[in-house]
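The values are calculated or read from the model by the stated rules, or taken from the named source; none is laboratory data. Given the structure is predicted, the values throughout are model-derived calculations rather than measurements. In this analysis, Cβ positions are derived from the backbone assuming ideal geometry, glycine residues included, and neighbour counts consider all displayed protein chains. The accessibility values were calculated without ligands, DNA or RNA, using every heavy atom of the protein model including side chains. Shrake-Rupley method; radii C 1.70, N 1.55, O 1.52, S 1.80 Å.
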Amino acid sequence: MKKLVYTTSLLLCFAVALLAQSPKGKSGTFALINANIETVTKGVINNGTVIISGGKITAVGTNIDVPQGAEVIDCKDKWIYPGMIDAGTNLGLSEIGSDQRTRDNNEIGDLVPQMKALTAVNPNSVLIPVTRVSGVTTVITAPSGGIFPGTAALINLHGYTPDQMDAGFEAVVLTFPTTGRKGGFDRRSDDEIKNAAEKALKQLNDIWERVVQYHKVDSATKGNGLHYYPEMQALLPVVRGEKTLMVEVNASRDITEALKWVKEKKVKKVIFTGCREGWRVATDIAKAGIPVVTGPILALPSREYDRYDKAYANAGLMKKAGVKVALRTNETENVRNLPFHAGFAATYGMGKEEALKAVTIVSAEIFGVSDKMGSIEVGKIANLFVCDGDPFETKTNILNVFIEGWQIPMVSRHTQLYDEFLKREPGLEKMKK
Amino acid sequence: MNLLKRGMLALALSWPAILFAQDDKALAPVSRTYAIANVNIVQAPGRKIDMGTVVLKDGLILFVGKNVSIPADAIIIKADSMYVYAGFIDGLSRVGVTKPKEESQGGSQQQRPKDPGNPKPEEAGITPQNDVRSSLNPADKSVAEFRNIGFTTAHVVPYGGMMPGNGAIVLLGGRTADEMVLVNKSSFYSELTPAQRVYPGTVMGVMAKYRELYRQAALSRSYENMYAANRSGIQRPATDRVLESLYPVVDKRQPVLFKAEKVTDAQRVLTLQSDLGFTLWLAELKEGWDIVNKVKASNAKVFLSLDLPEDKKDDTPARKKEEVEKNDKPKTAADVEKEALEKRKADFTAKYIGQAAVYQKAGVKFGFSTINVKASNIPSNLRRMITAGLSEDAALASLTTVPAELLGLSDRLGTVDNGKMANLVISDKPYFEEKAKVRYVFVEGNLYKLEIKEAKKGDPNAKVDLAGEWTMTTETPKGKNDETLTIKKDGNNFTGTVSGGRLLKPVDLEEVILDGNALTLRYTVNYDSQNLTVTVDAIVEGDTFKGTASIADLGIFPVEGKKNPK
Amino acid sequence: MAALLITINTVAQVERGSLLIKNGTVLTITKGTLENTDVLLKDGKISQIGKNITAPAGINVIDATGMHVMPGIIDAHSHLALDAVNESTSPVTAMVWEGDDLNPLDVSMYRAVAGGVTISHAMHGSANAIGGQCQTIKHRYGTVDPKVLMMEGAPRTIKFALGENPTRVHGNNGQGMVPNTRMGVEFVIRQAFSEAKEYMGAWSKYNSAKVKKGFRGAPPKYDLRMETLAAILRGEIIIHCHSYRADEIYMMLNVCKDFGIKRLVFQHVNEGFKVAPELAAFGAMASVFSDWWAYKFEVYYSTAYNATILTRNGVITSINSDDAELTRHLYHEAAKTQKYGGLNDEEALSLITINPARQLGIENRVGSLEVGKDADLAIFKGHPLSVYAIPVVTVIDGVVKFDREKDVDDMRIYVDPKQTIDVADAAFEEHGAHNHDACMKNAEFLLNVKMSDLNR
């Protein structure tokens, strides 16, 4: 056994050296042995083994036989966690924030639900490797802008085409009309803001009415009676309860309004995202049984007179009131900080266990992919990572990441620059005298 | 015809002239001697004569006292049992100053200033060589507005940026700008106002520029003195109208009248004063209660703002209904929070109102500044300050004796005493009572009588059919504006909308009160991104109503309504 | 009704207090970690550090058993408590001073205190190649007097900015003047210093001439901009230079060398790691983000390992926030260096204590827990470098400025009488998170770029 471990470690080093030259993921069969496994759904297994094969987790437990030809990775004193899921980002759709040419998440128009985030994702974005080496394996990437800015997608952070990254979930985004101010720059009077919100709500209702009509005609004619109408066609599955509606709503008054709207319109599959002031109306959200994606946790309170740690405590408060809560960073280039957002949520009321669930299984459940990911269980796809401690702590090193059973090179622009410049050559003097 | 009768005839003939005293073609008064008898004379705070007489002649107070004989040529003013005070003096104001036309920017994106770091002084708001005298207009409606509540003297300043120019002490009367001026170049006016799109574009820029200009003026001044002593052999001093305008300030011969409303700005001004050493008159202070000691220590002359935040009391029937409903429901956390926030807001608003009392208590003498406040709000604001702890005597002093002293006018203004200028205000009740109305004002011995609009008494028993559609016509300087007023009866209450005219969309009536045939309407319209509250007070007779519409602080206008046939 | 924890200090003096903090794990930063140790604060200074100190009569005692006590955190790049950030009307605005612009009523200052931050460097923005002077402030929240905020004795500092910000504000897309490129930025700085040298020469000539008998002559024109630049050349003002790209950092080192300027700190300096040897050789210091990158092109090629690389190459490095939100968890940002490069606890904590103190020239007063230094400290439940740490008490000048147990929700000092209650007033930015360019506040109108674009 020791020899086996030695050989495979050697092979691993060799492989790593190769990877440093041209980092590519590696597929195959892997045996992660001697590990502490945080399954999330079925407790912790100490000194256990996880077998990855054909992209899936094929075995989890103690006393597991290592399959013939498997690459063995000794995880003594290490921990295995499910790959983290960031329930709301711009990753892949935007590259450099201040350069409009690199941003593809914000299309023109109030009614453009047919804009698909999935196909616009750049699988080769420099930001993706930077993200996944931190243990975040899967993200929602979402359009934003007008009332119906497009369709968001759940993607695994590995693959060379969007189809290879497709994690099997899409949702239509709705930006709910807001009565809040847009920050210090917003100098509109209270009435102007109220009027703008009313106008937007009216617009929303008009659109919805039209989709309902479309649905009726489409049903009656069995899909044959209508012309090409992409906006309606994109919203049709939402009305029919086949596709999820993701409603971005933050101010407490708006959340109350949105709860009313969703009930009125009988929207069947719905998620609320944002909910910065969700804690103010948490019982109502819980009563409605609507799951919430919230974040960033590291944010300022939404009102000048709010307690300083309100944003940290928000997720925990909603969870305590009975809301199903998943976490997001709402980030583009720093999605890697998801575990820290979770850490702060844990510290300020949510607790470690729930916070971990909120970035793994709860996210998966909300997006209807809990049969595929979110925990370490046999049959799920192998999205997981190996680390040397609590992944919410900054001291912890992420040692190995697997996405859909592919071993990810632990290399990114950041690590490459570190390697090159930690001891720069030439240093101060170019020519050695 | 004997002298008395001639006098009465002259008085009768001159009435129109007195009423329209601003008209150039007014008939000159027959006599410049007036007698006001059987009046309560408040000569100064704490000095009162019950039932005395004041005699004015040629613009001066001739006699004040009990048992004063009335000269034969005196025009008798009917003011029995009324109250006479010295005309009020305002420390910082723009009464009578014409506002410069807003220069069209030509689209903010198109006109890029060429060298924004080194702009011409005018572009930077630095025009200290300007004189408010050149923009004075005695016919400006603000003159009458302020005079009608009792102000007879004001310290006015030009419009502009950080250094708009020289202020002047003016009388609120006179036919020409020059006639108004009592003391020219009485102060060097300043504001912490940044320029638009050129340096200084921020408050810190204004502070830096101020320091630099001051230093440059001091250097230039001392060089000038040296040059004046012997002009040969050295270069002549550079002429710079901006720096030259600063010499009187640098020499401490002219005070700097600095406007600062907020607690942060006021302290910035005090810092400039301590850094540079000029004589400071601090005006329009609104948030001064926490810095009273600092202000006192600086020896600055102080003029507190007469502008106060609104005390929004929502007394409409709808709101009262809401309150009743509220008390039946159990309190949620949100309600508790809202209550706490409302209380904090109310407590804080009270601080603004209590500012004057704080300054009185600290022994800081202060006048008042009216540069921001609507004239019609002044009496009620004064009453609010008095309710909050400012003594009536102190309030009166701050309107009369103190500003006279601060502005260096106590030898001729501020009290009702023999020999002083005949600036008086006469109100039918003690000035600080709620229902008191100013009836007469004297400015340098010229009489202004106020028309008291006898509000048409509403008949509380009249029955009126208010519901329906009306055409409401308001007459403003812009012409007649017709709007449609739709009123619905809802039990004992009324609701309604106003639409048409210049409104882009219908506006709900916030308040409809009908007391017999006395109608009050209130609604808010939005013009140019501003919310203007309109209050209509009218008497309804059959299918018409007539009254007045008060539009925010733009004025009061006649309004008429006629019911539309079904 | 919740009463304000802090009563308004109407006396224009700095409050100094005394406290005894008992039995904590004291992270001195410079002299190691002391277990079960007491810290005695008297009249605003640290008077004793040791075991079993008896409390003098009348002094409050804080029981820090099981807690960690560290020096107050110092944020070397901040825009808190300022009414204006950018005087962007000219590429050289050295004459303005943020100290003239302080707003002690800013509740963000309190929120920073609630994150253990006791001192911040209130900086001018990055719209200009040579911006305005900055002001080091102590977060003495509860006063209306801006002078009370100013840290007495703190050296003068000034903001410079290189790269995309000044070229966007002043170049073709902004005001249409030099600088439009990095070449222009270098020129503007050299030109300003050269003109300042001429100005210094003219005044020096005048000053020596005017004391001579029979002198008659006019002084040169007094120019506050030149006066400030002259002070920089005389070494009286520390330059804090906003910069990203390696080449412009290198350029600035050379410009400073040419003009004999030694007191130089780079800010952001995302590519500082690429010229770490040069920075160390010059003696320039660096104040960086923990992991912000890719929000502009000039930071697209940066790494979160920046702080570690700089530290390992001998550059005195600090971690800053430049953001009212980030400043509240600088202890967590510093902890990221343990992930990105493995700095040890003391090295990581130095990045937010003694190092920024050095960069602001106040290291003899603050930045570590040593007898004689200011009584500025932060008490944590849990080790500050753990994500589970909670700041519980913050002390400034020996006065408790934050106590989590006694904290009330509404910490505003002044309340706007016109405010509408119950309206969310923050910006709920859709997918774009932080405004990474707080440094550009007040300058947006000059850009043809929409503010919403800047936020992303």
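Across the range B:468-563, Cα-Cα pairs more than 22 Å apart make up 19 percent of the total. The peptide list C:207-217, A:24-34, put in order of mean Cβ contacts within 10 Å with the highest first, becomes A:24-34, C:207-217.
Within a 10 angstrom radius of each residue's Cβ in C:405-417, how many Cβ atoms of other chains show up on average? Whole number is fine.
6
Per residue of A:326-335, other chain Cβ atoms within 10 Å of the residue Cβ number 4 on average. Counting only other chain Cβ atoms within 10 Å of each residue's Cβ, the peptide C:214-226 averages 5. Relative to the Cα centre, the charge distribution of the protein assembly as shown, modelled as +1 at Lys and Arg Cβ and -1 at Asp and Glu Cβ, gives a dipole magnitude of about 1940 debye.
From the alpha carbon gyration tensor of the protein assembly as shown, can you work out the equivalent ellipsoid semi-axes (sqrt of 5 times each eigenvalue) and give them in Å, largest to smallest?
Working: eigenvalues 838, 365, 165 Å².
In descending order the semi-axes read 65, 43, 29 Å.
Angle of helix C:182-210 to the longest C-alpha principal axis of chain C, folded into 0 to 90 degrees and rounded to 10: 80°. Summing both sides, the accessible surface hidden between A and C at a 1.4 Å probe radius is close to 7000 Å².
If you find the alpha carbon centre of the range B:517-563 and of the range C:52-122, how far apart are they in angstrom? Their Cα centres are 53 Å away from one another. Counting only Cα atoms, the range A:189-279 measures 47, 27, 20 Å along its principal axes, largest extent leading. Summarising the label geometry, the points placed 7 Å from Cα in the beta-carbon direction at B:N493 and B:D411 lie 6.4 nm from one another.
The C-alpha atoms of chain C define a longest principal axis, and helix C:224-233 lies at about 70 degrees to it.
Report summary: the helix-based calculation at 222 nm, which adds -39500 (n - 2.57) for every DSSP H run with n ≥ 4 and divides by the residues of chain B, gives -8500 deg cm²/dmol. Considering only C:G50, C:V408, B:L92, the residue lying farthest towards the positive end of the dipole of the protein assembly as shown is B:L92, judged by Cα position with unit charges set on Cβ. When C and B come together, around 4500 square angstrom of accessible surface is lost from both chains combined, probe 1.4 Å. By the rule of a C-alpha distance below 15 Å, with chain neighbours fewer than 8 residues away ignored, the aspartates and glutamates paired with B:K120 are B:D240.
List the relative contact order of chain A as a percent without decimals, with contacts defined as Cα pairs under 8 Å and 6+ residues apart.
19
Straight Cα distances below 16 angstrom link B:K437 to the lysines B:K78, B:K429, B:K449, B:K453, with same-chain residues fewer than 8 positions distant left out.
Only helices at least 30 Å long along their axis, Cα-based, and averaging -0.5 or more on Kyte-Doolittle count here, so list those DSSP H runs from chain B.
Working: long enough: B:203-229 (39 Å, -0.29); B:333-361 (41 Å, -0.69).
Correct list, ordered by number: B:203-229.
In the context of the full set of protein chains, residues of the range C:257-382 present 23 Å² of accessible surface per residue (probe radius 1.4 Å, heavy atoms only).
Ligands, DNA and RNA excluded, the heavy atoms of C:K42 present near 90 Å² of accessible surface to a 1.4 Å solvent probe.
Tell me, what is the percent relative contact order of chain B, built from C-alpha pairs under 8 Å that lie six or more residues apart?
Details: 1162 pairs, mean separation 74.5, N = 566.
After rounding, I find 13 percent.
Taking +1 at the Cβ of each Lys and Arg and -1 at the Cβ of each Asp and Glu, which of B:L503, B:I551, B:I513 sits farthest along the dipole of the range B:468-563 towards its positive end, judged by Cα position relative to the Cα centre? Working it through, the farthest residue towards the positive pole turns out to be B:L503. When the residues A:R276, C:R358, B:R268 are ordered by accessible surface, computed with a 1.4 Å probe over the protein chains alone, the sequence from largest down reads C:R358, A:R276, B:R268. Rounded to the nearest 10 square angstrom, B:L213 shows an accessible area of 10 square angstrom against a 1.4 Å probe. Think of a 1.4 Å ball rolled over the protein heavy atoms: chain B then has 49 Å² of accessible area per residue.
Helix-only mean residue ellipticity at 222 nm, chain A, DSSP H runs n ≥ 4 weighted -39,500 (n - 2.57), per residue, nearest 500. What is it?
Numbers: 13 runs with 136 residues, N = 433.
For chain A, the value works out to -9500 deg cm²/dmol.
Counting only protein heavy atoms and using a 1.4 Å probe, the accessible area of C:W97 comes to about 70 Å². Out of C:L27, C:L80, A:A117, whose Cα points farthest toward the positive end of the dipole of the protein assembly as shown (charges: +1 Lys, Arg; -1 Asp, Glu; placed on Cβ)? Result: C:L80.
How would A:T131, A:T347 line up by accessible area, probe 1.4 Å, largest first? Don't skip to the answer; put the middle values down first.
Working: A:T131 0, A:T347 25 Å².
Highest to lowest solvent-accessible surface, that is A:T347, A:T131.
Taking 25 °C and 0.890 mPa s as conditions, chain C diffuses translationally at an estimated 107 µm²/s according to Stokes-Einstein applied to its Kirkwood radius (Cα pairs).
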